[in-house]
Amino acid sequence: MKLYGSKNSRSLRCAWALEEAGASYDYQRVNMLKGEGFSPAFKAINPAGKIPVLADGDMTLTESAAIVMYVADKFPDAPLMPASAEERAEVFRWVFYVVTEVEPHLWAIAQHRFALPEDKRVPAVEPTCVWQLQRTLRVMEKTLAKRSFIAGETFSAADIVATHCMSWALSAKLEGVGEASLAYIERMKARPAYQRAVAREKLEAAQQEAAVC
């Protein structure tokens, strides 16, 4: 398997899932800030020009949440997906909640802060996005005040997506992440697989930069 990604992006979710699974994979950094996502070589892999991308044999998969769920399915012995249908449904519920109710507001804020061309940015949308984000984070806070993991009492793929988005909110200096959620983030970031994923992305970035120099 090969993961195309970059540090400080959604590809961390995928690297984390692969590390939790104990999977063997290559990591190919794509420097989006230098336009590598739109190079002919990369667009042949993903015509959308976006990361992350997971290549596994003849299959090429995009969308970070889909990649995380694929890894969970491919490695059933990994601590990513519970056994019962009811427990799996709870994992699906929270993955879908985060990517549909939480992440869109974070991405809208990022787009209008720096990602869009300057003439397409509308800074006035940010207060509304923040208000909506805080409403969704309160739902997560109430859940995490009652249990150790977002989808139940054991770690799952949902924790990867949830932790990433709440950490995103913190890095963007957005208010709304509650005390139970902050404690939860610290617990998740203490997992060895998370730390290996972060280290892998930093290493790949450092090696590529050194090669350019």
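The values are calculated or read from the model by the stated rules, or taken from the named source; none is laboratory data. Just so you know, these numbers come straight off a predicted model, no measurement behind them. For neighbour counting, all protein chains shown are included, and Cβ atoms are generated from backbone atoms with ideal geometry for every residue, glycine included. Surface accessibility is based on the protein's heavy atoms, side chains included, excluding ligands, DNA and RNA. Shrake-Rupley method; radii C 1.70, N 1.55, O 1.52, S 1.80 Å.
Working only within region 93-132, note down all residues that are open to solvent by 40 Å² or more (accessible area, probe 1.4 Å), under 15 Å from the mean Cα position of the chain (by Cα) and aromatic (F, W, Y).
Scanning region 93-132 gives F96, Y97, W107.
When you scan region 23-31, do you find a residue that is surrounded by 12 or more Cβ atoms within 10 Å (Cβ to Cβ) and under 21 Å from D77 (Cα atoms), even just one?
Looking only at region 23-31, we keep the residues that are surrounded by 12 or more Cβ atoms within 10 Å (Cβ to Cβ), and these are 23, 25, 27-31.
In the following step, the residues that additionally are under 21 Å from D77 (Cα atoms) were identified as 23, 25.
Taking every residue of region 23-31 in turn, at least one turns out to be surrounded by 12 or more Cβ atoms within 10 Å (Cβ to Cβ) and under 21 Å from D77 (Cα atoms).
Select from region 8-20 the residues that are outside any helix (DSSP H, G or I) and either at pLDDT 95 or above or touching a strand residue (DSSP E or B) at 6+ places or on another chain (Cβ under 8 Å) (or both) and list them in ascending order.
Within region 8-20, R10 is the sole residue that qualifies.
Within region 54-66, count every residue that is under 14 Å from the mean Cα position of the chain (by Cα), of a type in the set (A, V, I, L, M) and farther than 13 Å from Y25 by Cα.
Taking region 54-66 and keeping what is under 14 Å from the mean Cα position of the chain (by Cα), we get 54, 62-66.
Restricting the remaining residues to those that are of a type in the set (A, V, I, L, M) gives 54, 65-66.
Next cut, farther than 13 Å from Y25 by Cα only: 65-66.
Of the residues in region 54-66, 2 are under 14 Å from the mean Cα position of the chain (by Cα), of a type in the set (A, V, I, L, M) and farther than 13 Å from Y25 by Cα.
Out of the residues in region 55-72 meeting the condition of being closer than 20 Å to N8 by Cβ and of a type outside the set (S, T, Y), tell me which one is most open to solvent (accessible area, probe 1.4 Å). Lay out the reasoning, then the answer.
Step one: of region 55-72, the residues closer than 20 Å to N8 by Cβ are 62-65, 67-68.
Checking the rest, the ones that are also of a type outside the set (S, T, Y) come to 63, 65, 67-68.
On the way: E63: 127, A65: 21, I67: 0, V68: 1 Å².
Applying the filter and picking the extreme gives E63.
Kindly indicate whether any position in region 186-193 is closer than 13 Å to L106 by Cα, open to solvent by 20 Å² or more (accessible area, probe 1.4 Å), of a type in the set (K, R) and at pLDDT 95 or above.
No, region 186-193 contains no residue that is closer than 13 Å to L106 by Cα, open to solvent by 20 Å² or more (accessible area, probe 1.4 Å), of a type in the set (K, R) and at pLDDT 95 or above.
I'd like the full set of residues that are under 22 Å from G22 (Cβ atoms), in contact with a strand residue (DSSP E or B) (Cβ under 7 Å, 6 or more places away or on another chain) and not hydrophobic (A, V, I, L, M, F, W, C), limited to region 48-81.
Within region 48-81, P52, Y70 qualify.
For the condition more than 14 Å from the chain's Cα centre (by Cα) and open to solvent by 40 Å² or more (accessible area, probe 1.4 Å), what is the one hit in P82, P76?
Selected residue: P76, the only one of P82, P76 that is more than 14 Å from the chain's Cα centre (by Cα) and open to solvent by 40 Å² or more (accessible area, probe 1.4 Å).
Regarding K50, is this residue open to solvent by 20 Å² or more (accessible area, probe 1.4 Å), basic (K, R) and free of Cβ contacts under 8 Å to residues at least 12 places away in the same chain? Give the derivation first.
Values: open to solvent by 20 Å² or more (accessible area, probe 1.4 Å): yes; basic (K, R): yes; free of Cβ contacts under 8 Å to residues at least 12 places away in the same chain: no.
So K50 does not fit the description; no.
Just to be sure before I move on: is R138 within 19 Å of the chain's Cα centre (by Cα) and of a type in the set (K, R) in the structure I sent?
no
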